[in-house]
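**Q** Quick one: structure below, then a few questions.
Please treat every number below as a calculation from the coordinates, not as lab data. Fair warning: this is a prediction, and the values are worked out from it, not measured in the lab. Cβ: placed from backbone, ideal geometry, glycine included. Neighbour counts: every protein chain shown.
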Amino acid sequence: MSTGPIDYGRLSAGRHCNYWRMDPTLRSVVERASTDDEFEWAEPVLERFGHACGHGIADRSDRIDRHPPKLHTYDADGEVTNEVEYHPDQRENERVVYEEFRLTHDPFHPPPGRDDPASFTHALAMQALLSYCDVGFTCPASMTTGAAIALEAADHDCDEFFDRLTSADLDEHIEGAMFLTEKQGGSDVGANEVRADPADDGTYRLFGEKWFCSNIDAQGALALARTPDAPEGTAGLSLFLVPREVDGELNDSLFRRLKDKLGTLSVPTGEIEFRGATGYLIGEEGDGFRLMAEMMNYERLTNATGALGVMGRALLEAKAHAANREAFGKRLDDHALMRRDLAELTVEYEGAATFSFEAARWYNEYKRAGDEATENPAADGEDTDRAFKLMRVLVPVAKYRTARDSVGVASYCMEVLGGNGYVREHTTPRLLRDTQVLPIWEGSSNVISLDVLRVLERERAHEALIPYVSDLLAVDDGLLAGLADEIGESFETLQASLGTLAAEDTEYAQYHAKELANLIYDVTTAALLLNRADDALADDGAAGGTDGDGVTAPDARLALVTEAFVDEHLREDRSRGITSGSTGLDDRFDAIARYARVDPDSVPEAVLGAEE
C-alpha cells in the first residue's frame, strides 16, 4: 500500500529505523500472501520485529562480522572439544529472534493471540527483515525451521529434538543444520559416501566426511548417509539426526576446520569427520533424499527472502545517501541519472519481492493442504495437486533469480555510496560479500535451472502454471489493458518455449534451462505486478494508497512499476539510439523510488503502452 513519498533524507544511513515501516513493498507483498486473519495478527509482530532489527540486531550484526566465530577443536591437553567461540552479541541476537519473537516456534505451535500456528509466510517475512541485518544469522534460523519441517514429515524417535528446535525458551532451544555436501559429490548428492552402520541399540554409527557444514556446532543437525547394501545414487540415502552431544558426551566426530569464507562470517561453516558418531534414523532407510527435499523447499524460499533483505537494505542505504549527499550543486537524488538508477533498482526489488512471496504463498498452501489431507483423507485432491505444482515450480525459480539479482543490486548500491561504500565501516561491503553466497546456497544456478526442467517434465507443473498466469492477466481496469496485451504476448512465447523444449532431447533442453527459468520469472512476475496494479486501481481502493488526507484511494503507482518492469524485461530492444521523450523513470522517481501515491487520472493510457 503506497503512503509515500518517503523522506529518506531524515536518515543518515540505513539503520536506527524500523525496517518494516521503511519497506512498503515488503508490507504489501506479505499482506497479499497472507489471509486476512493471519495478517491482522502478524502485522503488529512484524512492526515490532522491524524495530528490533533496525535498532539493535543491525548494529550487533556489524560487530559480529568484525569478530566472527572461532573454532577450538582441541583443549590444552589435546582432547577433542569441537568448541565454537562466538561474540557475545550473537547470544543476544538469538535471544531476540528465538525467544522474544519466536521465529522458529510460531510456525509449529500457536503463539499468543492465536489458536493455530503462524503461517510459514509470517516466518519468511521475519527472515526477510532479519536479512536486512545479517544473512549469516538467517542461515541457522532457517535451517532450524527446516529441520523441524523434516522431522514433522517422518516417523522417528526424536520428539525431544523437535520440541527443542521449536522451543521459545532460549535455554531449551537448539539450532538445526543440514549436512549435505561431500568433497567428491558437491551438487551431485547421489555420489555421497558417508556410511551409517546399524548399532545394537537401534541407532546408527556414521563414518566419513562432510565438506561444507554451515552452523557446524548445531545440536539438531540432519545428515544424509548410506546404510549397508543401500543402492547407489539418491535412492540409497537415508536421513539421520546427528547431535553434537549424546547423553552429555561429545558425539564421536571431529570438527577439522572452519572455512575461510568471503562472507556470512557470523555462521561457522566447516568440515566434519564422523568417527562413529551416533545418528538417529528419520523416516525409513532409503527415504533420506525425499525428506531432505522437504527441508530444501523451505531453505530455497529463505534463500529468496534473504536476497530480498539484502536488496531492501542496500536500497535503503543508497537512497539515504542519495538524499543527503550533494554533488555539483544539488542532492544526488535530484540528478536525472541517479533518479533513473534508483527507480530501476526499486523496480527490480518490487518484482523480486512480488514473485518470492507468491512462491511463499503457494508453499504455505501446499503445507496447509497436506495437513488438511492428513486430518481429512476426503479433502479436495485437486487443490492439493495445484498447490504442490505451483510451489514446486515457483520456489526454485524464486531462489535462482533473486539470488542472482541481489548480487547486482548490492553491487550497484555500494557504488552509489562512492568510496565510502567500499569501506568496511559501512554496511554495503558486507551486504555484497554476504549475498554472493546466495546463488550457491541450496543449489547453484545450473542445478536450480535443471530442477525446473525436472519439475516440468516429471511433475507436469506447467499444467498448473499456465492457467494460473492466464488468470493473473484477466484485469478489470482499462488503464492496464495495453500492458495486459503485451504481457500476454510474452506469455504466449513462454508457452511456445515450453512446447519446444518438451519436443527436444535432454541435452537441448538442458542447454536452454536457465533461459527458460528466466522467462518463467519475467513473465510470471510481470503478470503478478499487473494483478497487484489492478487491485490497487480498484474502485474501492482496498489495495491502493492514501491521499493527502490519509484516506484510502486508488493508486496507479504499481501500474507504473509494472510498465517499467515490462520495458526492462519483456520488450525487445527496439533501437540502441536515443529518442526524445524517454525520461520516464526520472519523471516517475517519487512514485517508484519514494512510494508516492499516483492519481490514476494523472496517467495517460499511452504511458502504459508499448510505444511512448
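**Q** Given the peptides 118-130, 66-78, arrange them by the average over their residues of other C-beta atoms within 10 Å, most packed first.
**A** 118-130, 66-78
**Q** May I have the count of lysine pairs in the chain with C-alpha atoms under 14 Å apart, counting pairs 8 or more residues apart or located on different chains?
**A** Final tally of qualifying lysine pairs is 7.
**Q** Relative contact order for the chain: what percent, with Cα pairs under 8 Å and sequence separation of 6 or more?
**A** Relative contact order comes out at 14 percent.
**Q** I need to check one value: relative contact order of region 176-289, counting alpha carbon pairs closer than 8 Å and at least 6 residues apart, in percent.
**A** 31
**Q** If you find the alpha carbon centre of region 239-262 and of region 509-525, how far apart are they in angstrom?
**A** The distance from the Cα centre of region 239-262 to that of region 509-525 comes to 39 Å.
**Q** Here's another thing I want to ask about it. By average Cβ neighbour count within 10 Å, what is the ranking of 457-465, 355-363 from highest down?
**A** 355-363, 457-465
**Q** Now for a different question. Please list 396-403, 57-64 highest first by mean number of surrounding beta-carbon atoms within 10 Å per residue.
**A** Top of the packing list down: 396-403, 57-64.
**Q** What number, rounded to the nearest 500 deg cm²/dmol, is the helix-based mean residue ellipticity at 222 nm of the chain, given -39500 (n - 2.57) per DSSP H run of at least four residues and division by all its residues?
**A** After summing the helix terms and dividing by residue count, I get -16500 deg cm²/dmol.
**Q** For the chain, build the charge dipole from Cβ charges (+1 Lys, Arg; -1 Asp, Glu) around the Cα centre, then report which of PRO140, LEU316, LEU473 sits farthest towards its positive end.
**A** LEU316
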